[in-house]
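**Q** Could you have a look at this structure, given as structure tokens, before my questions?
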Amino acid sequence: MKSVNRVTLLGHLVADPEIKITKTGKKVSNFALATNNEWFDHNGELQSSVDFHRIVAWEKLADITSTYLKKGQPVLLEGRLTHRSYEGKDKLRHYITEVVVSNLHLLSWRQDRNSIEAKELAASAS
């Protein structure tokens, strides 16, 4: 049986990407992406929340993120969900869920942010 592990996110960078070189010489970029959710509650009032996602880009995509992405910039990305763990300085096991980027679309907002966002979402769905 085949399976699918695909994530598509449209959001804003929380901070500038952090670039590192691994012990094996590979370039890696780490950054956080914020996505907004809006819904109407049972009283008909608009509610909202923000989710934060850990993002990882390797090699060529890491170069692109370090050159073109800045805090607050909107970005549309595709990738796969990964989970890993590590032992922290506190000697406890920590668990992390990340999105490893495979495709990146740089965006820019114009005057009417909501209509541009809707156009970008429609274009990525087809």
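The values are calculated or read from the model by the stated rules, or taken from the named source; none is laboratory data. Since the structure is predicted, the reported quantities are computational estimates derived from the model, not experimental observations. Please note: Cβ atoms are built from the backbone with ideal geometry, for glycine as well, and neighbour counts cover all protein chains shown.
**Q** Just checking, which of Glu98, Glu38, Glu45, Glu87 is acidic (Asp, Glu) and either surrounded by 15 or more Cβ atoms within 10 Å (Cβ to Cβ) or in contact with a Gly (Cβ under 6 Å, 6 or more places away or on another chain) (or both)?
**A** None of the other options fit; the residue is Glu98.
**Q** Looking at Val50, Val28, can you tell me which residue is part of a strand (DSSP E or B), loosely packed, with under 12 Cβ neighbours inside 10 Å and of a type in the set (Val, Ile, Thr)?
**A** When all the criteria are applied, what remains is Val50.
**Q** So which residues in segment 60-83 are loosely packed, with under 15 Cβ neighbours inside 10 Å, at pLDDT below 95 and under 27 Å from Ser3 (Cα atoms)?
**A** Lys60
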